[in-house]
Amino acid sequence: MDSYEKCLDNLCSVSTSLNNYLSSLPAESWHKPSGCDRWQVADVSAHLVFGAESYVSSVSRGVQGDPSPPPGRMPDGSDAAGFSAERIASGAITASVRLGDQLLPTSKATDRQLYTLLAGLNQPDRDRPCYHGGSNWRWAAVSGGR
């Protein structure tokens with residue numbers, strides 16, 4: 001198994017474990033503080049959903065030859081300080097409120113979508129640049145490939 005496949009296996013294993021853990025939580029636990037300052041458990045989960053959705057969008061666009069930022073995101077080479085911790089926290093909290101009781105099903109569906117997309121990439125697609133928070137990068141480089 002190459003390192004890309006190992007990364008996919010790890011992604012699947014970790015996301016499955018996390019979603020299984022979240023599925024076991026009583027409803028009130030979603031609104032308890034997490035290990036992240038000022039974030040509830042639901043906020044952390046919403047942040048991970050946003051991250052998976054962002055990767056699906058960026059990789060899909062990159063495979064189509066478009067490594068540019070999606071609307072509303074920083075252009076390549078921008079100073080990442082504009083995407084502050086406060087802005088990330090605010091977005092996560094807003095998303096957790098918006099998703100409400102659909103947060104866990106959305107998390108599971110988004111994780112499946114990301115895994116399916118990445119598992120379907122051939123080597124040339126893995127080598128295509130895609131947008132990631134102000135910089136272009138390749139999946140192959142992340143997974144230790146070329």
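The values are calculated or read from the model by the stated rules, or taken from the named source; none is laboratory data. These figures come from a predicted structure and were not determined experimentally. Glycine also receives a Cβ, built like all others from the backbone with ideal geometry; neighbour counts cover every protein chain displayed.
A quick yes/no check of all residues on (1) modelled with pLDDT of 95 or more; (2) in a helix (DSSP H, G or I); (3) basic (Lys, Arg); (4) surrounded by 18 or more Cβ atoms within 10 Å (Cβ to Cβ):
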| position | (1), (2), (3), (4) |
| --- | --- |
| CYS12 | no, yes, no, no |
| CYS36 | no, no, no, no |
| HIS47 | no, yes, no, yes |
| VAL59 | no, yes, no, yes |
| PRO67 | no, no, no, yes |
| GLY72 | no, no, no, no |
| PRO75 | no, no, no, no |
| ALA81 | no, yes, no, no |
(message) Can you tell me which of (1) at pLDDT 85 or above; (2) part of a helix (DSSP H, G or I) is the one ARG128 doesn't meet?
(response) (2)
(request) State yes or no: is GLU28 part of a helix (DSSP H, G or I), loosely packed, with under 11 Cβ neighbours inside 10 Å and charged (D, E, K, R)? (result) yes
